[in-house]
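Scroll down for the structure; my scribbles are underneath it.
Only the coordinates and a few stated rules stand behind these numbers; no lab work does. Model, not experiment: these values are computed from the prediction. No Cβ is skipped: glycine too gets one built from the backbone with ideal geometry, and neighbour counts run over all protein chains shown.
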Amino acid sequence: MTNNGDNVIDFAVCAGGPAGTGIITIGETLGKLFQRMGWYVFTHDKYQSIIKGGHNAIYTRICEEQIYAHRHDVDILIALDKLSIERHINELTEKGVVIYNKKAVSEYNYSKTGIGIDFEEMATKCGNVKYSNMVAVGCVLALIDESQITLNYLEKILEQKFGKKGKEVVEGNMNAVRAGYNFVKENNIHVETARINPKDQKNHLFLTGNQAIVLGAIKAGVKLLAQYPMTPASSILDTMASYELAKNIVVRQPEDELACMNMIVGAGAAGIRALTATSGGGFSLMVEALGFAAIAEVPCVIVESQRSGPSTGMPTHHDQADLRFVMHASQGDFPRIVITPGCVSECFYLTYEAFNLAEKYQTPVIILVDKYLSSSFQTVDYFKMDGLKIDRGALLSDEEAERVTNYKRYLVTESGISPRIIPGQKNGMHVDSSYEHDETGYTTEDPIERDKQVLKRARKLENFPEEISSPKIYGNPNANVAVVCWGSTKMPAQEAIKILKKEGIEVAVVHYRYVLPFPVNKTLQILSKYDYLVNVECNYSSQFHGVLKEFTGIDIPKENNLNKFNGDPVHPIEIANKVKEILKKKSLTKRHNMFIESIVNK
């Protein structure tokens, strides 16, 4: 158990073992348990793209105060095999302890304290060797709990999780938890920890980014999800399917990703709010139909959850290397909106907003997330529904459509946005074509008409409100150093703020939730305040740094870029260390400041 220096209990557990042994369930069960007990929880997992075998691990962090990301170290390591010890023992804190499977580790000769338990034998006595993971959960609870009150909370969780499988399964899992718990207590096994007890219940949710995306889409009125499963976006399909009947949503798994994209384009043309979700490989197959949505000016929303590439790469690992791809995917020039949520709450709110923007600007909206955000659980406040209003843009009502004469679907307007009528409404017959067209929608190759339509589409986002796309600032906005980030790197960056503050270093985090349209003026105003800029992203080529330079001319020194691309998310401590390194070297970014000041002063 770690005390973070402010008398705040901050505790982390890592569970590791072969795929198929219920490793992920250990972390998720502990997470749900302590979240319901009033604690703040964050979990993230690592797993290989193997159904059985290979190595899985899940990290669960529990804290008295709000937390935004994982830690780089853990207090307890649950190791169901020897490989888990070898891979994770260096992550243990100085007083950390290993709870290991005696059957898999015949000889324990590591520097950290080890507690050997025969998980499989105890689980078998409870009815099934598969209950080994629940024996491990019981061991953890016994180490950090002075009473059996946590078991009462846990029993309700297991009833919800396994109730459909029958009372026998629920009881078997609970008996396994008690077996592990009692073994630790009866053998008087102790580790130096503070104690976890129930706290005041808070209005909190415990969700992954993907689950929040689904809830945001449902709140926005989505009526079709067409998705082919592809990690790490697959749980969007599973979660939406669980709401299909209750919310009257059509959920379909077509034959491939191109079919998915074509389905949501067709649905969007018919006036239906539609969604698809995939990862980089699946998005590659969608791009021709993405261009169809753009030229036909059909609103639709696409979630792209990044994983390590190129090609198949590392299918179940983290990366942020698809940014340039989604910004430029499909042939030709056309406007699109690219949204990059930074936490679970933003996944909800920005998904809701994405559907409004897609219809308002009649163009595709891409929500770019990643494995870390898609699959990590985070304690978040209840979502605020006040002020969430559906905006269908220039979609005409039936009464308005009845008064229309000589309807032109692609009417050239000053804003670039044309009145929209959907099939079935009176006076709205028109053509939705993948070819260039005139105002009526009929195909044309006339250069004058081509100019009109390209410029019309381009105008849509020229006046996009920077109040919407402006980056958000966390930490101390008046600090002299700013961490610039996009997407899920916001979470570890927020934790880095706390680490640095304890060392007397104030820092701001400037987080970009929108990359297209890029908030040029707001960026120049905000970044001009700082002497030091640190760019953090999980890719080799500093893709966001390139975008920043392209739109504003701001060139962050190469040595001020923190790039991670080994398949793991960036750790908060890595960001904190990078900031300290730059401050120590005094890597002043006067070059960008002079440039910004010359523009701002104009």
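I'd like to know how the stretch 159-298 sits against the 2.2 N^0.38 Å rule of thumb: what's its Cα Rg over that expected value? Don't skip to the end; give the middle numbers.
On the way: Rg = 22.1 Å, N = 140, 2.2 N^0.38 = 14.4 Å.
After normalising by residue count via 2.2 N^0.38 Å, the value is 1.54.
State the extension gain, in nm to one decimal, for the chain segment bounded by Asn128 and Glu506, taking 0.36 nm per residue of separation less the distance between their alpha-carbons.
Details: separation 378, 0.36 × 378 = 136.08 nm, distance 5.29 nm.
Net length gain for the segment: 130.8 nm.
What nm value, rounded to one decimal, do you get for the distance between Lys103 and Tyr435 when each label is placed 7 Å out toward the C-beta?
6.8
Please get the size of the charge dipole for the stretch 394-463, origin at its Cα centre, with Cβ charges of +1 on Lys and Arg and -1 on Asp and Glu, quoted in debye to the nearest 20.
On the way: 11 positive and 14 negative charges, 32 e Å.
In total the dipole reaches around 160 debye.
Any idea what Rg and Dmax come out to for the stretch 487-548 if you just take the C-alpha atoms, in Å?
Taking only Cα atoms of the stretch 487-548, I get Rg and Dmax of 12.7, 37 Å.
Quick one: compute the contact order of the chain, relative version, from alpha carbon pairs under 8 angstrom and 6+ residues apart, as a percent. Intermediate values should be presented prior to the final figure.
Values: 1297 pairs, mean separation 66.3, N = 602.
The normalised contact order for the chain reaches 11 percent.
With +1 on each Lys and Arg Cβ and -1 on each Asp and Glu Cβ, and nothing else charged, work out how big the dipole of the stretch 2-186 is about its Cα centre, in Debye to the nearest 20.
Once rounded to the nearest 20, the dipole reads 660 debye.
Considering only C-alpha atoms, what is the centroid distance from the stretch 131-185 to the stretch 473-492, in Å?
For the stretch 131-185 versus the stretch 473-492, the Cα centre distance is 40 Å.
Using the Cα centre of the chain as the reference point, and only Cβ charges (+1 on K/R, -1 on D/E), how large is the resulting charge dipole? Debye, rounded to the nearest 20.
Values: 67 positive and 71 negative charges, 140 e Å.
I would put it at about 680 debye.
Does anything in the stretch 555-575 have its amide N under 20 Å from the 7 Å Cα→Cβ label point of Lys585, and if so which residues?
Within reach of a label on Lys585: 555-566, 570-575.
Between the stretch 235-259 and the stretch 323-350, what is the separation of their alpha carbon centroids in Å?
21
Using 7 Å Cα-to-Cβ label points, what is the Val454/Asp256 separation (nm, one decimal)?
Label-label distance for Val454 and Asp256, simple model: 3.1 nm.
Give the dimensionless ratio obtained when the Cα radius of gyration of the stretch 466-600 is divided by 2.2 N^0.38 Å. Don't skip to the end; give the middle numbers.
Working: Rg = 13.6 Å, N = 135, 2.2 N^0.38 = 14.2 Å.
The stretch 466-600 yields a ratio of 0.96.
Can you give the calculated 222 nm mean residue ellipticity of the chain, where each DSSP H run of n ≥ 4 adds -39,500 (n - 2.57) and the sum is split over every residue, rounded to the nearest 500 deg cm²/dmol? The partial results should precede the final answer.
Values: 21 runs with 230 residues, N = 602.
Only helices count here, giving -11500 deg cm²/dmol.
With axes computed from alpha carbons, what is the tilt in degrees of helix 209-219 against the longest principal axis of the chain, rounded to the nearest 10 within 0 to 90?
Here the helix axis deviates by roughly 50 degrees.
Among the listed pairs Lys95/Lys558; Lys223/Lys426; Lys498/Lys558; Lys46/Lys389; Lys130/Lys199; Lys202/Lys371, give every one whose C-alpha distance is greater than 30 Å.
Values: Lys95/Lys558 38 Å; Lys223/Lys426 23 Å; Lys498/Lys558 25 Å; Lys46/Lys389 38 Å; Lys130/Lys199 32 Å; Lys202/Lys371 28 Å.
Lys95/Lys558; Lys46/Lys389; Lys130/Lys199, as the Cα separations exceed 30 Å there.
Can you give the percent of C-alpha pairs in the stretch 242-388 whose distance is more than 28 Å? Mind showing how you got there, number by number?
Details: 1787 of 10731 pairs.
Result: 17 percent of Cα pairs exceed 28 Å.
Quickly rank 479-486, 100-107 as a protection proxy: mean count of other C-beta atoms within 10 Å, highest first. Intermediate values should be presented prior to the final figure.
Working: 479-486: 25.0, 100-107: 16.6.
So the order, starting with the most tightly packed, is 479-486, 100-107.
Stretched out fully, how many nm does the piece from Asn182 to Ser311 gain, at 0.36 nm a residue minus the Cα gap?
Details: separation 129, 0.36 × 129 = 46.44 nm, distance 4.87 nm.
Result: 41.6 nm gained on full extension.
Which of the lysines could a cross-linker span from Lys522 if the Cα-Cα distance has to be under 16 Å and same-chain partners fewer than 8 positions apart are dropped?
Hits, sequence-local ones excluded: Lys472, Lys549, Lys602.
Pull up the DSSP beta bridges for the stretch 207-381 and report the antiparallel fraction as a percent, rounded to 5. Working shown, then result.
Values: 3 of 22 bridges.
Taking every DSSP beta bridge within the stretch 207-381, about 15 percent pair in antiparallel fashion.
What FRET efficiency, computed as 1/(1 + (r/R0)^6) with R0 = 45 Å and r the Cβ-Cβ distance, is obtained for Val520 and Lys52, rounded to the nearest 0.05?
Details: r = 51 Å, r/R0 = 1.12.
That gives a FRET efficiency of 0.35.
Given q = 0.18, 0.25 Å⁻¹, what are the Debye log10 I(q)/I(0) values for the stretch 394-463, with equal point scatterers placed on the Cα positions and solvent ignored?
Debye curve over Cα of the stretch 394-463, log10 I(q)/I(0) at q = 0.18, 0.25 Å⁻¹: -0.69, -1.12.
Which value, in Å³ per residue, describes the convex hull spanned by the Cα atoms of the chain?
On the way: hull volume 98.4 nm³, N = 602.
That works out to 163 Å³ per residue.
Spin-label point model (7 Å from Cα, Cβ direction): what's the Lys529 to Glu65 distance in nm?
Once both label points are built, they end up 2.2 nm from each other.
Report the full-extension gain for the segment Lys82 to Glu168: residue separation times 0.36 nm, less the Cα-Cα distance, to one decimal in nm. Walk me through the numbers before you get to the answer.
On the way: separation 86, 0.36 × 86 = 30.96 nm, distance 3.14 nm.
Length gained between Lys82 and Glu168: 27.8 nm.
Take each of the peptides 531-541, 349-359, average the number of other beta-carbon atoms within 10 Å over its residues, and list them starting from the highest. Please report the intermediate quantities before stating the final value.
On the way: 531-541: 21.8, 349-359: 23.8.
In decreasing order of mean packing, 531-541, 349-359 become 349-359, 531-541.
For the stretch 87-192, what is the convex hull volume of its Cα atoms per residue in Å³?
Spread over its residues, the Cα hull of the stretch 87-192 gives 114 Å³ apiece.
Considering only Ile9, Thr124, Leu411, whose Cα is most displaced toward the positive end of the charge dipole of the chain, charges sitting on Cβ of Lys, Arg (+1) and Asp, Glu (-1)?
Ranked along the dipole, the leading option is Ile9.
So how tilted is helix 344-361 from the main axis of the chain? Cα-based, degrees 0 to 90, rounded to 10.
10
Considering only DSSP beta bridges whose two residues both sit in the chain, what percent are antiparallel, to the nearest 5? The partial results should precede the final answer.
Details: 35 of 81 bridges.
Restricted to the chain, the bridges split so that about 45 percent are antiparallel.
If you average the C-alpha positions of the stretch 514-548 and of the stretch 63-81 separately, how far apart do those two centres end up, in angstrom?
31
Farthest toward the dipole's positive end in the chain, which of Gly221, Val265, Asn133, given Cβ charges of +1 (Lys, Arg) and -1 (Asp, Glu) about the Cα centre?
The Cα lying farthest towards the positive end belongs to Asn133.
May I ask for the angle, rounded to the nearest 10°, between helix 490-501 and the longest principal axis of the chain, with both axes built from Cα atoms and the value confined to 0 to 90°?
Taking the Cα atoms of the chain, the angle to 490-501 is about 60 degrees.
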